[in-house]
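Here the structure is laid out as structure tokens; the discussion comes afterwards.
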Amino acid sequence: MTTLPDLEALDALLKERHSCRAFLQTEVERGVIEGILRAAQKVPSWCNAQPWKVTVTRGEETDRLRQALTEAAMAGGHAPDLAFPAGYSNEYQARRRECGWTLYEAVGVAKGDRAGSARQMMENFNLFGAPHCAILSSPAELGPYGAMDCGGFVSAFTLAAQAAGVATVAQAAVASYAPMLHEMLEIPEDRLILCAISFGYADTSHPANGFRTSRAPLDDFATWRG
């Protein structure tokens with residue numbers, strides 16, 4: 001059988017990566033963050049437009065951001081730049097529920113404990129305690145194709161971070177409060193805020209980091225012709 005060491009190394013990195021939901025307060029060195037960003041920007045994009053821009057926070061700016069997000073979430077009123085999914089059905093709903101309930105079980109939130117699930121949900125706006133957050137945006141004029149290109153950037157960022165020993169979690173919830181983010185972080189209105197990536201070093205002792213999501217078998221998503 002043919003051996004493919006580069007593919008095996010990439011597959012191992014993908015298996016190691018997970019959405020971290022509890023971080024240590026230790027900051028990541030600026031040079032390491034720059035290395036992650038340089039690696040991530042090598043992904044392909046439509047016409048090589050490279051539509052992504054990131055606003056990266058550290059120190060007091062991260063704390064200011066988490067405080068503003070928490071206050072906005074408590075006040076309610078989602079206003080994302082990019083519409084959230086209209087719904088989840090069939091296997092997509094099943095996977096979403098599995099992820100949610102596995103997380104709740106890991107952190108000790110029982111089914112029906114609405115107060116407990118609400119507390120865990122609010123951790124999104126605390127950035128799960130991460131010392132850094134990268135807010136990702138794309139030009140509005142590029143529409144869904146710019147957003148699709150940025151999805152590749154998110155994947156590359158999380159993998160590059162994993163290779164550097166840095167944990168990440170990509171968060172759509174943060175983009176719920178786009179107007180506040182535009183104003184606070186001075187992100188131009190002609191750019192769509194797509195998501196955040198909170199990152200730092202994982203708190204491996206925290207139960208939220210003790211579970212992993214499953215992946216569908218190959219035949220569930222690949223169709224062969226010829």
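All of the numbers you see were taken from the coordinates with simple rules; none came from a lab. This is a predicted model, so every value here is computed, not measured. So basically every Cβ, Gly included, is an ideal-geometry build from the backbone, and we count neighbours across all protein chains shown.
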Checklist entry - For the modelled label position 7 Å from the Cα of residue 78 along Cα-to-Cβ, which residues of the stretch 96-122 have backbone nitrogen atoms closer than 14 Å? => result 121-122
Next on the checklist: Given N residues in the stretch 133-226, what is its alpha carbon radius of gyration divided by 2.2 N^0.38 Å?
Outcome noted: 1.34
Checklist outcome for this item: Rh_Kirkwood(the stretch 1-157) over Cα pairs, Å, one decimal, evaluates to 18.6
Item to check | Relative contact order (%) - the chain, alpha-carbon pairs under 8 angstrom, separation at least six | outcome: 37
Checklist entry - Given H placed on each backbone N at 1.01 Å, which residues far from residue 195 in sequence or on other chains put an amide H within less than 5 Å of it? => result 136
Checklist outcome for this item: Largest-first semi-axes in Å of the equivalent ellipsoid built from the Cα gyration tensor of the stretch 184-226 are 33, 26, 7
Item to check | Directionally averaged projected area (convex hull, Cα atoms, the stretch 1-91), nm² | outcome: 11.3
Item to check | Fraction of beta bridges assigned by DSSP in the chain that are antiparallel (%, nearest 5) | outcome: 95
Checklist entry - Could you state the number of Å between the C-alpha centres of the stretch 49-120 and the stretch 1-30? => result 22
Item to check | residue 203 long-range amide H proximity, modeled H, under 5 Å | outcome: 22, 23, 24
Checklist entry - If you take the beta carbon distance between residue 70 and residue 47 as r and set R0 to 35 Å, what does 1/(1 + (r/R0)^6) give as a FRET efficiency, to the nearest 0.05? => result 0.35
Checklist entry - Which loop trypsin sites (Lys or Arg not before Pro) in the stretch 1-69, with loop taken from DSSP, have no more than 14 other Cβ atoms within 10 angstrom of their Cβ? => result 42
Checklist outcome for this item: Rounded to a whole number, the Stokes-Einstein D of the stretch 56-145 in µm²/s (Kirkwood radius over Cα pairs; 4 °C; 1.567 mPa s) is 83
